[in-house]
Amino acid sequence: MSSNLHPMLNVAIKAARAAGAIINRAALDIESVRVAQKQVNDFVTEVDRAAEEAIISTLLTAYPGHGILAEESGNEHGAKNSDYVWIIDPLDGTTNFIHGFPVYCVSIALAFKGKIEHAVVYDPTRNDLFTATRGRGAFLNERRIRVSKRTQLKDCLISTGFPFRPGDNFRAYMRMFAEITQRTAGVRRPGAAALDLAYVAAGFCDGFFETGLSIWDVAAGSLLVTEAGGLIGNFTGEADFLEQRECLAGNPRAYGQLVGILGKYSKFASVDDKMGVDAALQSQDPEDEASEI
(Lines give C-alpha, C1' and ligand atoms only; values in the text may rest on other atoms or scores of the structure.)
Protein backbone atom coordinates (compact mmCIF):
# COMPACT_ATOMS: atom_id res chain seq x y z
CA MET A 1 0.00 0.00 0.00
CA SER A 2 1.13 3.53 -0.74
CA SER A 3 1.02 6.54 1.54
CA ASN A 4 0.34 8.69 -1.55
CA LEU A 5 -3.01 7.03 -2.23
CA HIS A 6 -6.35 7.90 -0.71
CA PRO A 7 -6.91 5.80 2.44
CA MET A 8 -10.08 4.25 1.02
CA LEU A 9 -8.24 3.21 -2.14
CA ASN A 10 -5.50 1.66 -0.04
CA VAL A 11 -8.09 -0.43 1.80
CA ALA A 12 -9.62 -1.51 -1.52
CA ILE A 13 -6.17 -2.59 -2.72
CA LYS A 14 -5.64 -4.60 0.46
CA ALA A 15 -9.02 -6.29 -0.06
CA ALA A 16 -8.34 -7.04 -3.73
CA ARG A 17 -4.95 -8.59 -2.97
CA ALA A 18 -6.49 -10.75 -0.23
CA ALA A 19 -9.07 -12.01 -2.71
CA GLY A 20 -6.37 -12.53 -5.33
CA ALA A 21 -4.35 -14.69 -2.96
CA ILE A 22 -7.39 -16.94 -2.41
CA ILE A 23 -7.95 -17.18 -6.17
CA ASN A 24 -4.31 -17.97 -6.91
CA ARG A 25 -4.20 -20.72 -4.28
CA ALA A 26 -7.32 -22.32 -5.72
CA ALA A 27 -5.93 -22.08 -9.26
CA LEU A 28 -3.11 -24.44 -8.26
CA ASP A 29 -5.67 -27.26 -7.98
CA ILE A 30 -8.56 -26.15 -10.15
CA GLU A 31 -9.99 -29.68 -10.44
CA SER A 32 -10.90 -29.69 -6.75
CA VAL A 33 -12.88 -26.44 -6.86
CA ARG A 34 -16.61 -26.97 -6.29
CA VAL A 35 -18.76 -25.31 -8.96
CA ALA A 36 -22.45 -24.46 -8.89
CA GLN A 37 -24.60 -23.10 -11.72
CA LYS A 38 -26.70 -20.00 -11.01
CA GLN A 39 -28.39 -20.23 -14.41
CA VAL A 40 -27.45 -21.52 -17.85
CA ASN A 41 -23.75 -20.76 -18.47
CA ASP A 42 -23.55 -18.63 -15.32
CA PHE A 43 -21.33 -20.23 -12.71
CA VAL A 44 -20.30 -19.56 -9.12
CA THR A 45 -17.60 -21.38 -7.17
CA GLU A 46 -16.57 -21.69 -3.55
CA VAL A 47 -13.66 -19.47 -4.59
CA ASP A 48 -16.02 -16.64 -5.61
CA ARG A 49 -17.66 -16.83 -2.21
CA ALA A 50 -14.41 -17.06 -0.22
CA ALA A 51 -12.91 -14.15 -2.16
CA GLU A 52 -16.04 -12.08 -1.58
CA GLU A 53 -15.99 -12.81 2.14
CA ALA A 54 -12.35 -11.72 2.35
CA ILE A 55 -13.12 -8.48 0.53
CA ILE A 56 -16.16 -7.66 2.65
CA SER A 57 -14.33 -8.45 5.89
CA THR A 58 -11.43 -6.18 4.93
CA LEU A 59 -13.68 -3.31 3.87
CA LEU A 60 -16.06 -3.44 6.83
CA THR A 61 -13.21 -3.78 9.33
CA ALA A 62 -11.93 -0.44 8.05
CA TYR A 63 -15.31 1.19 7.35
CA PRO A 64 -18.09 -0.52 9.34
CA GLY A 65 -20.55 2.23 8.44
CA HIS A 66 -20.28 1.67 4.69
CA GLY A 67 -22.73 -0.23 2.49
CA ILE A 68 -21.90 -3.27 0.37
CA LEU A 69 -23.27 -4.36 -3.02
CA ALA A 70 -21.65 -7.66 -4.01
CA GLU A 71 -22.33 -10.09 -6.84
CA GLU A 72 -22.78 -13.20 -4.70
CA SER A 73 -24.35 -11.77 -1.54
CA GLY A 74 -26.12 -8.66 -2.84
CA ASN A 75 -26.60 -6.01 -0.13
CA GLU A 76 -26.98 -8.30 2.87
CA HIS A 77 -23.72 -7.01 4.38
CA GLY A 78 -22.82 -3.53 5.60
CA ALA A 79 -24.95 -0.52 6.41
CA LYS A 80 -28.19 -0.28 4.45
CA ASN A 81 -28.51 3.49 4.04
CA SER A 82 -24.91 4.70 3.81
CA ASP A 83 -23.84 7.29 1.24
CA TYR A 84 -20.76 5.10 0.75
CA VAL A 85 -21.36 1.81 -1.09
CA TRP A 86 -18.69 -0.67 -2.10
CA ILE A 87 -19.53 -2.45 -5.39
CA ILE A 88 -17.76 -5.80 -5.58
CA ASP A 89 -17.19 -8.56 -8.12
CA PRO A 90 -14.88 -11.01 -6.31
CA LEU A 91 -14.07 -13.06 -9.41
CA ASP A 92 -15.02 -11.58 -12.77
CA GLY A 93 -14.44 -14.29 -15.36
CA THR A 94 -15.52 -17.32 -13.32
CA THR A 95 -16.08 -19.45 -16.43
CA ASN A 96 -12.49 -18.74 -17.50
CA PHE A 97 -11.24 -19.57 -14.00
CA ILE A 98 -12.92 -22.96 -13.75
CA HIS A 99 -11.40 -23.95 -17.09
CA GLY A 100 -7.93 -22.79 -16.10
CA PHE A 101 -8.03 -20.03 -18.73
CA PRO A 102 -5.99 -17.27 -17.07
CA VAL A 103 -8.15 -14.23 -17.78
CA TYR A 104 -10.10 -13.15 -14.70
CA CYS A 105 -9.90 -10.46 -12.04
CA VAL A 106 -11.14 -8.93 -8.82
CA SER A 107 -13.18 -5.73 -9.19
CA ILE A 108 -13.89 -3.29 -6.35
CA ALA A 109 -15.38 0.20 -6.61
CA LEU A 110 -16.54 2.70 -4.02
CA ALA A 111 -19.51 4.91 -4.83
CA PHE A 112 -20.36 8.02 -2.84
CA LYS A 113 -23.96 9.18 -3.34
CA GLY A 114 -24.14 7.10 -6.51
CA LYS A 115 -20.92 8.37 -8.11
CA ILE A 116 -17.85 6.11 -8.42
CA GLU A 117 -14.95 7.67 -6.51
CA HIS A 118 -12.36 4.88 -6.20
CA ALA A 119 -11.66 1.78 -8.26
CA VAL A 120 -9.45 -1.29 -8.19
CA VAL A 121 -9.24 -4.05 -10.80
CA TYR A 122 -6.71 -6.70 -9.85
CA ASP A 123 -5.51 -9.47 -12.16
CA PRO A 124 -4.03 -12.11 -9.82
CA THR A 125 -2.51 -14.24 -12.58
CA ARG A 126 -0.27 -11.39 -13.75
CA ASN A 127 -0.17 -9.43 -10.48
CA ASP A 128 -1.47 -6.44 -12.44
CA LEU A 129 -3.10 -3.80 -10.25
CA PHE A 130 -5.24 -1.15 -11.95
CA THR A 131 -6.33 1.72 -9.70
CA ALA A 132 -8.11 5.04 -9.99
CA THR A 133 -9.40 7.83 -7.78
CA ARG A 134 -11.73 10.45 -9.23
CA GLY A 135 -9.71 13.44 -10.38
CA ARG A 136 -6.33 11.77 -9.78
CA GLY A 137 -5.87 9.67 -12.93
CA ALA A 138 -5.65 5.94 -13.56
CA PHE A 139 -2.67 3.70 -12.90
CA LEU A 140 -1.33 0.23 -13.66
CA ASN A 141 1.15 -0.93 -11.02
CA GLU A 142 1.67 2.72 -9.99
CA ARG A 143 2.42 3.81 -13.58
CA ARG A 144 0.03 6.38 -15.08
CA ILE A 145 -2.04 4.97 -17.93
CA ARG A 146 -3.94 6.63 -20.78
CA VAL A 147 -6.34 5.39 -23.41
CA SER A 148 -4.94 4.80 -26.90
CA LYS A 149 -4.54 7.59 -29.45
CA ARG A 150 -5.84 5.73 -32.49
CA THR A 151 -8.29 7.87 -34.42
CA GLN A 152 -9.52 5.58 -37.21
CA LEU A 153 -11.76 2.64 -36.42
CA LYS A 154 -10.08 0.51 -39.09
CA ASP A 155 -6.91 0.56 -36.97
CA CYS A 156 -8.66 -0.21 -33.69
CA LEU A 157 -8.74 -3.41 -31.65
CA ILE A 158 -12.11 -3.84 -29.93
CA SER A 159 -13.03 -6.22 -27.10
CA THR A 160 -16.51 -7.57 -26.42
CA GLY A 161 -18.48 -10.19 -24.54
CA PHE A 162 -20.86 -12.66 -26.14
CA PRO A 163 -24.43 -12.97 -24.81
CA PHE A 164 -24.87 -16.24 -22.93
CA ARG A 165 -28.00 -15.97 -20.82
CA PRO A 166 -31.47 -17.28 -21.70
CA GLY A 167 -33.44 -14.50 -23.35
CA ASP A 168 -30.40 -12.64 -24.71
CA ASN A 169 -30.92 -11.41 -28.26
CA PHE A 170 -28.14 -13.39 -29.89
CA ARG A 171 -29.14 -12.56 -33.47
CA ALA A 172 -28.97 -8.82 -32.79
CA TYR A 173 -25.58 -9.30 -31.16
CA MET A 174 -24.28 -11.20 -34.19
CA ARG A 175 -25.26 -8.27 -36.41
CA MET A 176 -23.38 -5.91 -34.08
CA PHE A 177 -20.40 -8.26 -34.11
CA ALA A 178 -20.47 -8.43 -37.91
CA GLU A 179 -20.60 -4.65 -38.28
CA ILE A 180 -17.74 -4.07 -35.84
CA THR A 181 -15.60 -6.90 -37.24
CA GLN A 182 -15.80 -5.52 -40.77
CA ARG A 183 -14.83 -2.00 -39.68
CA THR A 184 -11.94 -2.66 -37.27
CA ALA A 185 -8.50 -4.27 -37.08
CA GLY A 186 -9.88 -7.05 -34.90
CA VAL A 187 -12.35 -8.07 -32.20
CA ARG A 188 -11.40 -9.99 -29.05
CA ARG A 189 -13.57 -11.77 -26.47
CA PRO A 190 -11.43 -12.29 -23.32
CA GLY A 191 -14.32 -13.08 -20.97
CA ALA A 192 -13.92 -10.66 -18.04
CA ALA A 193 -15.60 -7.29 -18.56
CA ALA A 194 -13.83 -5.51 -15.70
CA LEU A 195 -10.47 -6.49 -17.17
CA ASP A 196 -11.66 -5.48 -20.66
CA LEU A 197 -12.40 -1.99 -19.34
CA ALA A 198 -9.03 -1.84 -17.57
CA TYR A 199 -7.38 -2.73 -20.88
CA VAL A 200 -9.23 0.10 -22.63
CA ALA A 201 -7.94 2.44 -19.91
CA ALA A 202 -4.39 1.20 -20.43
CA GLY A 203 -4.61 1.52 -24.22
CA PHE A 204 -4.18 -2.23 -24.78
CA CYS A 205 -7.39 -2.14 -26.81
CA ASP A 206 -9.20 0.84 -28.23
CA GLY A 207 -12.82 0.09 -27.35
CA PHE A 208 -15.22 -2.33 -25.69
CA PHE A 209 -18.92 -3.14 -25.95
CA GLU A 210 -21.21 -5.63 -24.26
CA THR A 211 -24.84 -6.09 -23.23
CA GLY A 212 -26.31 -7.75 -20.16
CA LEU A 213 -23.69 -6.52 -17.70
CA SER A 214 -24.45 -5.81 -14.05
CA ILE A 215 -23.21 -2.82 -12.07
CA TRP A 216 -20.46 -4.85 -10.36
CA ASP A 217 -19.07 -5.81 -13.79
CA VAL A 218 -18.54 -2.21 -14.86
CA ALA A 219 -18.36 0.06 -11.79
CA ALA A 220 -14.60 -0.06 -11.20
CA GLY A 221 -13.69 -0.25 -14.88
CA SER A 222 -15.80 2.80 -15.69
CA LEU A 223 -13.70 5.04 -13.45
CA LEU A 224 -10.47 3.58 -14.84
CA VAL A 225 -11.61 4.48 -18.36
CA THR A 226 -12.68 8.03 -17.61
CA GLU A 227 -9.62 8.77 -15.46
CA ALA A 228 -7.45 7.50 -18.32
CA GLY A 229 -9.07 10.00 -20.69
CA GLY A 230 -11.63 7.69 -22.27
CA LEU A 231 -15.40 7.75 -22.56
CA ILE A 232 -17.95 5.23 -21.34
CA GLY A 233 -21.73 5.01 -21.60
CA ASN A 234 -24.53 3.06 -23.19
CA PHE A 235 -24.72 2.34 -26.92
CA THR A 236 -26.29 5.73 -27.65
CA GLY A 237 -23.45 7.49 -25.83
CA GLU A 238 -25.36 8.49 -22.69
CA ALA A 239 -23.09 8.50 -19.64
CA ASP A 240 -25.68 7.34 -17.07
CA PHE A 241 -25.25 3.67 -17.95
CA LEU A 242 -24.22 1.78 -14.81
CA GLU A 243 -27.50 -0.07 -14.33
CA GLN A 244 -28.71 -0.08 -17.95
CA ARG A 245 -27.13 -3.43 -18.89
CA GLU A 246 -25.36 -2.13 -21.97
CA CYS A 247 -21.86 -0.72 -21.96
CA LEU A 248 -19.67 0.96 -24.55
CA ALA A 249 -16.21 2.36 -23.83
CA GLY A 250 -13.24 3.60 -25.79
CA ASN A 251 -10.80 6.36 -26.51
CA PRO A 252 -12.77 9.50 -27.51
CA ARG A 253 -12.41 9.07 -31.28
CA ALA A 254 -13.14 5.35 -31.29
CA TYR A 255 -16.06 5.85 -28.89
CA GLY A 256 -17.76 8.34 -31.17
CA GLN A 257 -17.46 6.02 -34.16
CA LEU A 258 -18.70 3.03 -32.17
CA VAL A 259 -21.76 4.99 -31.01
CA GLY A 260 -22.48 5.64 -34.69
CA ILE A 261 -22.51 1.91 -35.38
CA LEU A 262 -24.04 0.49 -32.20
CA GLY A 263 -26.50 3.24 -31.26
CA LYS A 264 -29.30 1.77 -33.35
CA TYR A 265 -29.05 -1.50 -31.39
CA SER A 266 -29.54 0.22 -28.04
CA LYS A 267 -32.76 -0.31 -26.10
CA PHE A 268 -32.69 3.50 -25.82
CA ALA A 269 -32.49 4.00 -29.60
CA SER A 270 -35.15 5.95 -31.48
CA VAL A 271 -38.24 4.10 -32.68
CA ASP A 272 -37.13 4.46 -36.32
CA ASP A 273 -33.71 2.99 -35.60
CA LYS A 274 -35.23 0.06 -33.70
CA MET A 275 -37.66 -0.63 -36.54
CA GLY A 276 -34.76 -0.70 -39.00
CA VAL A 277 -32.86 -3.23 -36.89
CA ASP A 278 -35.97 -5.37 -36.38
CA ALA A 279 -36.68 -5.40 -40.11
CA ALA A 280 -33.11 -6.42 -40.88
CA LEU A 281 -33.24 -9.24 -38.34
CA GLN A 282 -36.54 -10.53 -39.70
CA SER A 283 -35.31 -10.48 -43.29
CA GLN A 284 -31.97 -12.16 -42.66
CA ASP A 285 -31.70 -15.90 -43.00
CA PRO A 286 -29.71 -17.59 -40.19
CA GLU A 287 -27.36 -19.18 -42.76
CA ASP A 288 -26.68 -15.75 -44.28
CA GLU A 289 -25.98 -14.44 -40.80
CA ALA A 290 -23.45 -17.19 -40.18
CA SER A 291 -21.70 -16.61 -43.50
CA GLU A 292 -21.50 -12.88 -42.82
CA ILE A 293 -19.37 -13.37 -39.70
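Which of the residues that make up the range 233-245 are out of contact with any helix residue (DSSP H, G or I) (no Cβ under 7 Å at 6 or more places or on another chain) and under 22 Å from Ser148 (Cβ atoms)? Talk me through it step by step, then tell me what you get.
Quick first cut of the range 233-245, residues out of contact with any helix residue (DSSP H, G or I) (no Cβ under 7 Å at 6 or more places or on another chain) only: 233-234, 238-241, 244-245.
Once the filter is applied, which keeps residues that are out of contact with any helix residue (DSSP H, G or I) (no Cβ under 7 Å at 6 or more places or on another chain) and under 22 Å from Ser148 (Cβ atoms), the range 233-245 yields Gly233, Asn234, Ala239, Phe241.
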Residues of the range 31-49 being at pLDDT 85 or above and exposed (fewer than 14 other Cβ atoms within 10 Å of the Cβ), which ones? Glu31, Ser32, Arg34
Quick check: is even one residue across the range 108-116 among the β-branched types (Val, Ile, Thr), crowded, with 21+ Cβ neighbours inside 10 Å and assigned to a helix (DSSP H, G or I)? no
Does Gly74 satisfy being free of Cβ contacts under 8 Å to residues at least 24 places away in the same chain, in contact with a strand residue (DSSP E or B) (Cβ under 9 Å, 6 or more places away or on another chain) and surrounded by 20 or more Cβ atoms within 10 Å (Cβ to Cβ)? no
Kindly list the number of the only condition in (1) touching a Gly at 6+ places or on another chain (Cβ under 6 Å); (2) without any contact (Cβ under 8 Å) to a residue 60 or more places away in the chain; (3) more than 30 Å from Gly74 (Cα to Cα); (4) not aromatic (Phe, Trp, Tyr) that fails for Arg146. (2)
What is the residue count in the range 127-149 for residues that are under 22 Å from Val187 (Cα atoms) and surrounded by fewer than 19 Cβ atoms within 10 Å (Cβ to Cβ)? 2
Residues of the range 71-92 satisfying the condition of being modelled with pLDDT under 95 and on the phi > 0 side of the Ramachandran plot: Gly74
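Here are some residues: Ala79, Ala172. Which one is surrounded by fewer than 18 Cβ atoms within 10 Å (Cβ to Cβ), among the small types (Gly, Ala, Ser) and outside the structural domain of Ala21 (by TED's automatic domain parsing)?
Exactly one residue qualifies, and that residue is Ala172.
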Where Thr181 falls short, out of the listed (1) under 18 Å from Thr95 (Cβ atoms); (2) of a type in the set (Val, Ile, Thr); (3) surrounded by fewer than 20 Cβ atoms within 10 Å (Cβ to Cβ): (1)
When you go through (1) modelled with pLDDT of 95 or more; (2) hydroxyl-bearing (Ser, Thr, Tyr); (3) farther than 21 Å from Ala249 by Cα one by one for Thr95, which number turns out not to apply? (1)
Residue satisfying condition, being at pLDDT 95 or above, over 13 Å from Ile88 (Cα atoms) and under 20 Å from the mean Cα position of the chain (by Cα), within set Ile55, Ile68, Ile23: Ile23
Mind telling me which of the residues Phe97, Phe112, Phe101 ends up being among the aromatic types (Phe, Trp, Tyr) and farther than 25 Å from Ser159 by Cβ? Phe112
Which one of the conditions (1) farther than 19 Å from Tyr84 by Cβ; (2) touching a Phe, Trp or Tyr at 6+ places or on another chain (Cβ under 7 Å) does Asp123 fail to meet, given that it meets all the rest? (2)
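The values are calculated or read from the model by the stated rules, or taken from the named source; none is laboratory data. Quick caveat: nothing in here was measured; it's all calculated off a predicted structure. Methodologically, a virtual Cβ is constructed for each residue, glycine included, from the backbone with ideal geometry; neighbour enumeration extends over all protein chains shown.
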